[in-house]
Amino acid sequence: MFAKDIYIARRRALIGKMAATAPEGKRGIALFVGNAEAAAQYKDNAYKFRQDSSWLYYFGLDEPWMGAVIDLDSGEETLYADDVEIDDIIWMGPQPSVASKAAAVGIDRSAPYGAMTVAVTKALATGRNIHFLPPSRYFNTMKLASLTGIDEESVGKVAPIDEDGGRHASGELVKAVISMRLVKEPCEIEQLDDAGALGQEMHSVARDSIRIGIVEQDIVGKMEGVVLQKGWGVSFPTILTQHGETLHNHIHDTIIEPGKLMVIDAGAENNMHYASDFTRTYPTSGRFTSKQRDIYQIVCDCNELAFSLTRPGVAYRDIHIATARLMLERLKDLDLVRGDVDAMVAEGIAGLFQPHGLGHNMGLDVHDMEDLGENLVGYDPDQKRSEQLGLGSLRMARRLVPGNVITDEPGIYFIPALISKWKAEGTGKDFVNYAKLESYHDFGGIRLEDDVLVTADGARRTGPNRLPIQPDDVEDAMSSPAMSSPAMSSPAMSS
Ligand code: GLY
């Protein structure tokens, strides 16, 4: 955990932000429910526990079955959890008291978990606003529904409480939490660099393990072992595939063949639960063919362009569009598209090649806070999400501010089913050279991703050892694996 002052300051800041939502005495309570354990096969064999990220942010306690109420009028805070009894001690050993856990994060009141129901019932009976976040887990949906008497569907809906008395999650609380978590504090940036180091180490191990004839799963196991050794685990299910044209391919049962491109999109979650998320694409034979290199270089240049444009005040949506323009210019040089590049940008032709956005927010979640609402997190109030393929999938469009941490992940994919669909429908027929695209049907895909911190006057990449990305550097790294790996002994900070 961080020092308790961090959590105290965050909750004070949250109370300050919520003060603007209603006059004193009318603000109500903020109700937080931490995650519970979830049975994998049966109660005593649960999935590995992962705490709710907003709970971690404000309360730090990385244990199941906890709740908290912040009285937004009086400032009083209460932690709800149960002290262990002898039956628990037999299996888990002695545990610190709930009161001492509360004290560790600067809370001086605690009560049993079940007493949370009493507190919420009392607040409801006296007509107070109950602010809560939309839950990401079904248990928390049921818990919030039972605590508040709201139906399960409405528990997940976000709207301003003041509009209708609040039969849903609190738009005011969501907005306040997003405004805080979007801007990373120095202690969080340290953790993101740590998660970056771990992610870069796992990627180096993966790259050095590529061999013709082995099964992809072999590499996945090696790289995930690095993270389990030094951190909490992977920050999302690893994507490692010779079918990179499938954007999220989690199946690793294929034998590695010569001449293919292998997309590795993977990240680490460190012991403080901060994430990294990197992607590199490797020629399985160790050298790119000239056809592969041509496309690879375009993606690489888009990645570099996005980074060079990243600074406070610039909307990430505009950076997405700038990379789309560069991509189309360069695809035009290869005669894969034809015509006026501005017209192609306006028509969304880049979406045929990159049907996803340039990046997303990152922090305690690899797609930070998307449980609170993708548009609320990724879009400024005056920005509207596009309906175009590609741009419409952009998850971070906001004007950047120092402290934002985002991914920079352009890609080019040749997706036979999508190309056939566009061709059959006549989509982009004035621009796309469908005849030439025929020869790319078995090309696969390329994605290149770094994690980027927006600084006061520009940006820097997180993680100490940027993975080789220029095609010559990638080939060099693959030909001399041990020389190119970042220090395998780099310490991973922990809680
Ligand atoms: N890197 C995986 C994702 O962004 O979804």
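The values are calculated or read from the model by the stated rules, or taken from the named source; none is laboratory data. Just so you know, these numbers come straight off a predicted model, no measurement behind them. No Cβ is skipped: glycine too gets one built from the backbone with ideal geometry, and neighbour counts run over all protein chains shown.
Filtering region 359-369 for residues that are buried (at least 24 other Cβ atoms within 10 Å of the Cβ), in contact with a strand residue (DSSP E or B) (Cβ under 7 Å, 6 or more places away or on another chain) and over 30 Å from Lys175 (Cα atoms) leaves an empty set. The set of residues in region 209-233 being surrounded by fewer than 21 Cβ atoms within 10 Å (Cβ to Cβ) and within 16 Å of the ligand (Cβ to nearest atom) consists of Glu224, Gly233.
Which of the residues belonging to region 384-435 are surrounded by fewer than 20 Cβ atoms within 10 Å (Cβ to Cβ), touching a strand residue (DSSP E or B) at 6+ places or on another chain (Cβ under 6 Å) and within 20 Å of Thr323 (Cα to Cα)? Scanning region 384-435 gives a single hit, Arg399. Met223 fulfils the conditions (1) under 19 Å from Arg447 (Cα atoms); (2) assigned to a loop (DSSP other than H, G, I, E, B) except for a single criterion, (2). Inclusion of Val205 among residues that are among the β-branched types (Val, Ile, Thr), closer than 30 Å to Arg181 by Cα, touching a helix residue (DSSP H, G or I) at 6+ places or on another chain (Cβ under 6 Å) and part of a helix (DSSP H, G or I) is not warranted. Applying the set (1) surrounded by 23 or more Cβ atoms within 10 Å (Cβ to Cβ); (2) under 21 Å from Ala459 (Cβ atoms) to Leu182 leaves exactly one unmet item: (1). For a quick check of your reading of the model, give me the residue pairs whose first member lies in region 236-261 and is within 22 Å of Gly196 (Cβ to Cβ) and of a type in the set (A, V, I, L, M), whose second is part of a loop (DSSP other than H, G, I, E, B) and away from the ligand (no atom under 12 Å from the Cβ), with beta-carbon atoms closer than 9 Å and at least 6 apart or on different chains. Taking only residues 6 or more apart or on different chains, the pairs are Ile239/Thr246; Leu240/His252.
When you go through Gly286, Gly259, Gly244 one by one, which is the residue that is assigned to a loop (DSSP other than H, G, I, E, B) and surrounded by 24 or more Cβ atoms within 10 Å (Cβ to Cβ)? Outline the logic, then answer.
Values: Gly286 fails: surrounded by 24 or more Cβ atoms within 10 Å (Cβ to Cβ); Gly259 fails: surrounded by 24 or more Cβ atoms within 10 Å (Cβ to Cβ).
Answer to the check: Gly244.
Here Ala104 meets each of (1) surrounded by 14 or more Cβ atoms within 10 Å (Cβ to Cβ); (2) free of Cβ contacts under 8 Å to residues at least 60 places away in the same chain with one exception, condition (2).
Evaluating Thr281 against the criteria (1) touching a Leu at 6+ places or on another chain (Cβ under 6 Å); (2) of a type outside the set (Phe, Trp, Tyr); (3) within 16 Å of the ligand (Cβ to nearest atom); (4) closer than 30 Å to Pro134 by Cβ leaves one unmet condition, (4). Taking region 77-99 as the range and being under 17 Å from Phe59 (Cβ atoms) and assigned to a helix (DSSP H, G or I) as the test, the residues that pass are Val98, Ala99. Assuming Val84 fulfils every condition listed in (1) closer than 17 Å to Glu37 by Cβ; (2) aliphatic (A, V, I, L, M); (3) in contact (Cβ under 8 Å) with a residue 60 or more places away in the chain apart from one, which condition is it? Condition (3) is where Val84 drops out. For the residues Ala306, Ala266, the requirement of being more than 12 Å from the ligand (Cβ to nearest atom) and touching a His at 6+ places or on another chain (Cβ under 9 Å) singles out Ala306.
Looking only at region 346-362, residues that are in a loop (DSSP other than H, G, I, E, B) and within 16 Å of the ligand (Cβ to nearest atom) come to 8 in all.
Only helices (runs of 4 or more DSSP H) wholly contained in region 363-440 count here; list those with 1 or more residues that are within 14 Å of the ligand (Cβ to nearest atom).
Working: elements: 374-378, 416-425, 434-437.
Here the list reads 374-378.
Annotation: of all residues in region 160-191 being of a type in the set (Gly, Ala, Ser) and modelled with pLDDT of 95 or more, the one that is farthest from Pro381 (Cα to Cα) is Ala169.
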